[in-house]
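Enquirer: Got a structure for you, written out below as structure tokens; questions coming shortly.
The values are calculated or read from the model by the stated rules, or taken from the named source; none is laboratory data. Quick caveat, the model's predicted, so the values are computed rather than measured. Cβ: placed from backbone, ideal geometry, glycine included. Neighbour counts: every protein chain shown.
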């Protein structure tokens, strides 16, 4: 079956907003989609597409049937923040009931959705004359006829939320649900047999910018993505502990290289943003050696290191007028991430520190990272951080850490790190 349209469903969270807020958010989504399509295929693409909207929905189709490229629309639109799901559809006039019934039945059979195993959903908006019970009965009858004629009745199944290879949305691995639906709006019917899950959340640009500390691991890029999902375009910051390896292909598993690969995946989700995210790399090898020298015996090296990272991130917040710092810390996952140690870390800066993964367990992070597309990068082998003490403290005290920092001259190292800040294009 050749689709000729996609149906876009907005996040249900919009429904609790005021009418004015809903209109603003939906306009922002439309503009993000248009910018993303332009970035992918050039400005000429928008001249060949029509956007048809109603509250909570967006329909996108090509002006000329021969130009139709539903694969492209799904690839670009499907990973857009603020969208709960999309469906490839066949768009036809509802006045031709025979065509609606035929297309719906054939779509269902093609997707293995057989008689007795489905409940077709039909919704009619601004079309009170549509006889929905009669339409459903005609579709069911034709499905039965097709199935019996092809000997397929026993082979029908109802796969739900099963990832399929058919639709690709860049790095996003959207789950696919087989679900026969017909949406009728005025005189047009939009017939679909599957829903593809999108990231949801709010559109990029709805929130102020945040600084996201991103490493080569699993947690921090996932946390940054979750912040993006709520509408914040981040300023990415990579803290490089080994600047001697900077830019060397021989060290593809170094923190810097893995972190930049993670950011490359995350940037794919920002194609519709008004402005591309900024990426910085800050080298701090010399100060890390000093932290090891002064902190390993007390088991506070990681606390010293992370507090320094927070300070760098805070200064970049001031530079870009960002409203907070995003990190990948999970309560209790590591020694530096106990409730008491997180308090020690937070005391280093005035900016709020946001931890989207605070209550996650590792399995949940792995699942989400796999869908986001950063999981393969995290699995690349890398050398463990040399600064981790043999016996890290799990209940640090602010005054003890500050006392050690007084011996290190943190302002000097902070100025040195910021002066060498590298902006990555």
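Enquirer: Have a look at 282, 273 and point out the one that is part of a loop (DSSP other than H, G, I, E, B) and either in the same structural domain as residue 390 (by TED's automatic domain parsing) or out of contact with any helix residue (DSSP H, G or I) (no Cβ under 7 Å at 6 or more places or on another chain) (or both). Lay out the reasoning, then the answer.
Expert: Details: 282 fails: part of a loop (DSSP other than H, G, I, E, B).
Selected residue: 273, the only one of 282, 273 that is part of a loop (DSSP other than H, G, I, E, B) and either in the same structural domain as residue 390 (by TED's automatic domain parsing) or out of contact with any helix residue (DSSP H, G or I) (no Cβ under 7 Å at 6 or more places or on another chain) (or both).
Enquirer: For residue 335, are the conditions met, namely being without any contact (Cβ under 8 Å) to a residue 12 or more places away in the chain, out of contact with any strand residue (DSSP E or B) (no Cβ under 8 Å at 6 or more places or on another chain) and on the phi < 0 side of the Ramachandran plot? Give the derivation first.
Expert: Numbers: without any contact (Cβ under 8 Å) to a residue 12 or more places away in the chain: no; out of contact with any strand residue (DSSP E or B) (no Cβ under 8 Å at 6 or more places or on another chain): yes; on the phi < 0 side of the Ramachandran plot: yes.
Judged against the criteria, residue 335 is not a match.
Enquirer: Kindly provide the set of residues from region 212-230 that are closer than 17 Å to residue 309 by Cβ and not in a helix (DSSP H, G or I), ordered by number.
Expert: Of everything in region 212-230, those that are closer than 17 Å to residue 309 by Cβ and not in a helix (DSSP H, G or I) turn out to be 212, 213, 214, 215, 216, 217.
Enquirer: Also, I was wondering about something else. Restricting to region 231-246, what's the tally of residues that are assigned to a strand (DSSP E or B) and without any contact (Cβ under 8 Å) to a residue 40 or more places away in the chain? Break it down stepwise before answering.
Expert: Step one: of region 231-246, the residues assigned to a strand (DSSP E or B) are 235-240.
Next, from what is left, pick out any that are without any contact (Cβ under 8 Å) to a residue 40 or more places away in the chain: none.
Counting residues in region 231-246 that are assigned to a strand (DSSP E or B) and without any contact (Cβ under 8 Å) to a residue 40 or more places away in the chain gives 0.
Enquirer: What about residue 401, is it within 24 Å of residue 320 (Cα to Cα) and either in the same structural domain as residue 258 (by TED's automatic domain parsing) or surrounded by fewer than 17 Cβ atoms within 10 Å (Cβ to Cβ) (or both)?
Expert: Details: within 24 Å of residue 320 (Cα to Cα): no; either in the same structural domain as residue 258 (by TED's automatic domain parsing) or surrounded by fewer than 17 Cβ atoms within 10 Å (Cβ to Cβ) (or both): yes.
No, not satisfied.
Enquirer: Kindly indicate whether residue 275 is within 18 Å of residue 234 (Cα to Cα), touching a residue at least 40 places away in the same chain (Cβ under 8 Å) and surrounded by fewer than 16 Cβ atoms within 10 Å (Cβ to Cβ). Write out each step before concluding.
Expert: Details: within 18 Å of residue 234 (Cα to Cα): yes; touching a residue at least 40 places away in the same chain (Cβ under 8 Å): yes; surrounded by fewer than 16 Cβ atoms within 10 Å (Cβ to Cβ): yes.
In short, yes.
Enquirer: Check 390, 341 and return the single one that is in the same structural domain as residue 307 (by TED's automatic domain parsing), over 28 Å from the mean Cα position of the chain (by Cα), at pLDDT below 90 and more than 22 Å from residue 256 (Cβ to Cβ).
Expert: Details: 341 fails: at pLDDT below 90.
None of the others qualify; the one that does is 390.
Enquirer: Tally the residues that are at pLDDT below 90 and either within 26 Å of residue 267 (Cα to Cα) or assigned to a helix (DSSP H, G or I) (or both), restricting the search to region 58-69.
Expert: Summing the residues that are at pLDDT below 90 and either within 26 Å of residue 267 (Cα to Cα) or assigned to a helix (DSSP H, G or I) (or both) in region 58-69 gives 4.
Enquirer: Restricting to region 35-69, what's the tally of residues that are in contact with a helix residue (DSSP H, G or I) (Cβ under 7 Å, 6 or more places away or on another chain), over 30 Å from residue 18 (Cα atoms) and touching a residue at least 40 places away in the same chain (Cβ under 8 Å)?
Expert: 1
A quick yes/no check of all residues on (1) in contact with a strand residue (DSSP E or B) (Cβ under 8 Å, 6 or more places away or on another chain); (2) assigned to a strand (DSSP E or B); (3) more than 19 Å from residue 79 (Cβ to Cβ):
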| position | (1), (2), (3) |
| --- | --- |
| 9 | yes, yes, no |
| 24 | no, no, yes |
| 30 | yes, no, no |
| 37 | yes, no, no |
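Enquirer: Looking at the structure I just gave you, is residue 79 under 19 Å from the mean Cα position of the chain (by Cα), touching a residue at least 24 places away in the same chain (Cβ under 8 Å) and in a loop (DSSP other than H, G, I, E, B)?
Expert: yes
Enquirer: Ok, one more. If residue 190 meets every condition in (1) at pLDDT 90 or above; (2) in the same structural domain as residue 27 (by TED's automatic domain parsing); (3) under 20 Å from the mean Cα position of the chain (by Cα) apart from one, which number is that one?
Expert: (3)
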